[in-house]
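Please find one structure pasted underneath; my questions will follow.
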Amino acid sequence: MVLAQITSLGLVDAVNPCTLAVQVLLLSALVLTKGKKEVILGGLLFTLTIFFMYALYGIGVLQIIYAFGIESIIKWILRALLIFMAFIELKAYFKYKPGAGAMEMPMAIRPFVKKITTSVDNPWMAIPAAALCSFLLLPCSSGPYVTALMIISTYTLAFRIPLMIYYNFLFTLPMFALTFIAAFGTSPAKIMKWKEKHIKELHLIAGILLLAVIFMVK
């Protein structure tokens, strides 16, 4: 059951439009200035840095949950958080507005993120750019992650780290895919256009997955 819950939440985060948009912006900058090898290196460094930073955030959240001793009421917090996120995602499908409410990057910080990612003209610059972006992505991706961490916190230490690694693997999987798609096939501009065209469907998928997790929480 826990694997199904973590998988569903990881997939919700994986289809998060703001995360995909940030990756595409960085790849676009590298495609314009560098070759195929540099695009792959930059994309992989960006993805691995995001993975590492989110692992650190996850360890921090697990420590906070333990420090506050809220394990006994996590079930009720989980239900409330999942219902809220599912409502927001389904609302975004039926009445979409960029950056408003759904798991998207707030409009106010988008220019700053765009400036960071589009200024990357060296693959190794993807590391500091990803470290900073990982923090800026939290407003639009922390919901599913915190929910997953709450579930993970109810298990023993031996299971917590593997489950967190599994979640972050699912979360970053599209980033790995986008790196090779941009290097060997579709241009980042076309990927961005596809994302904008299907953004409502991405929110619908996320909402359905969140509803599924609600029924899994006992």
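Can you name the condition, by its number, that residue 38 falls short on among (1) of a type outside the set (A, V, I, L, M); (2) in contact with a helix residue (DSSP H, G or I) (Cβ under 7 Å, 6 or more places away or on another chain); (3) within 18 Å of residue 14 (Cα to Cα)?
(3)
For residues that are in contact (Cβ under 8 Å) with a residue 24 or more places away in the chain and under 16 Å from the mean Cα position of the chain (by Cα), scanning just segment 49-60, find the one that is nearest to residue 21 (Cα to Cα).
50
Just for helices (runs of 4 or more DSSP H) wholly inside segment 41-143: which have at least 1 residues that are surrounded by 19 or more Cβ atoms within 10 Å (Cβ to Cβ), out of contact with any His (no Cβ under 8 Å at 6 or more places or on another chain) and small (Gly, Ala, Ser)?
Counting at least 1 such residues, we get 74-94, 126-136.
Each value in this text was obtained by applying a stated rule to the coordinates, not by laboratory testing. If you're wondering where the values come from, they're calculated on a predicted model, not measured in any experiment. No Cβ is skipped: glycine too gets one built from the backbone with ideal geometry, and neighbour counts run over all protein chains shown.
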